[in-house]
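The values are calculated or read from the model by the stated rules, or taken from the named source; none is laboratory data. For clarity, every value in this text was computed on a predicted model and none was experimentally measured. Neighbour counts run over all protein chains shown; Cβ positions are idealised from the backbone, glycine included.
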Amino acid sequence: MTDQAGQVQEAAPQEAITQASPEVQPAQQEAVWTDGFSDATLAFATGKSWSNPEAVVNSYQNLEKLAHGSKDVIAKPNYENVDEVNTFYNELGRPSESKDYKFEVPDHSNDNFVDWYRGSAHETGLTQTQAEKLFGAYMEYEGQFMEQHNQETESNRLAEVESLKKELGAGVTKELEICKRGWKQMGCDQEDINFMEDALGPQLAFKIGSEFAKAKGTMESDFVDGDPNGVGFGMGMTPEAAKQRIAQKLSDPAFKKAYMTDKGLAHDQAVKEMERLNAYVEGLQPN
């Protein structure tokens, strides 16, 4: 090739005339369906293991079916609305009235407690099953507690009795009888004495009964190896002595006639005497 000046120019190298290859663009990344979620929403979606938007929609559809189509789902009430709360409890299975709760009540149960329990169970919305199971559990606990308490009480009582026997020694029988008579002089029968022993303990009950006996003038001779008439300070007579006196009185024709007559001063006096003697028979101190 020549230029205008006639000079021959050299051909350009092949590499110089080769056009540069276009730049290779990086492959475009596939969009993720959670792109744009906040951190909190992303964490929630990840926890649910949803793999795509369709999974989210399916989950919501199932929730709607459950909420609006199932009879087992009950809407939570407004607890400030009494009517809504009562309706809610009744739908869950609460009886209409507290008296309608049915469960086995032990014979020893307190009626006031049972009524209170039924009312409280109804107020708190317990179903029949819940109330029955809770009541049974409480009765079982109470029974176990009372059994343990009774065992401990009896053990302590026996220990006190043994201690008292050692303290009184050979005279234990006499002293206990005097103590018992002291309680009876205060108007207590055997049931009352047993109650006092349980409530106070054998030792304290013994001391109090003995003090009663001393205050009434009861003597040891009134009970053991004493005068057949059993006359003592305050005590008057032992039951056996009183029985003997009654027999003597009724063997007296004059007294018997007066006693069996329904009028007159002699009759009144005879009746009063028999009442006094019968009180001694019962172990009581006549007025």
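State the number of residues belonging to region 209-238 that are modelled with pLDDT of 60 or more, in a helix (DSSP H, G or I) and crowded, with 16+ Cβ neighbours inside 10 Å.
So the answer is 5.
Where in region 14-100 are the helices (runs of 4 or more DSSP H), entirely inside, with at least 1 residues that are surrounded by 10 or more Cβ atoms within 10 Å (Cβ to Cβ) and modelled with pLDDT of 75 or more?
39-48, 53-69, 82-92
Cβ-Cβ under 7 Å, sequence separation 6+ or interchain: first residue in region 131-153 and farther than 16 Å from D107 by Cα, partner aromatic (F, W, Y). Which pairs?
Within 7 Å, the pairs are A131/Y101; A131/F103; E132/F103.
Looking at E140, E160, E132, which one is among the acidic types (D, E), farther than 30 Å from I74 by Cα and either surrounded by 14 or more Cβ atoms within 10 Å (Cβ to Cβ) or modelled with pLDDT under 85 (or both)?
E160
Exactly one condition in (1) of a type outside the set (V, I, T); (2) touching a Leu at 6+ places or on another chain (Cβ under 8 Å); (3) closer than 30 Å to F206 by Cα is not met by L134; state its number.
Unmet for L134, out of (1) of a type outside the set (V, I, T); (2) touching a Leu at 6+ places or on another chain (Cβ under 8 Å); (3) closer than 30 Å to F206 by Cα: (3).
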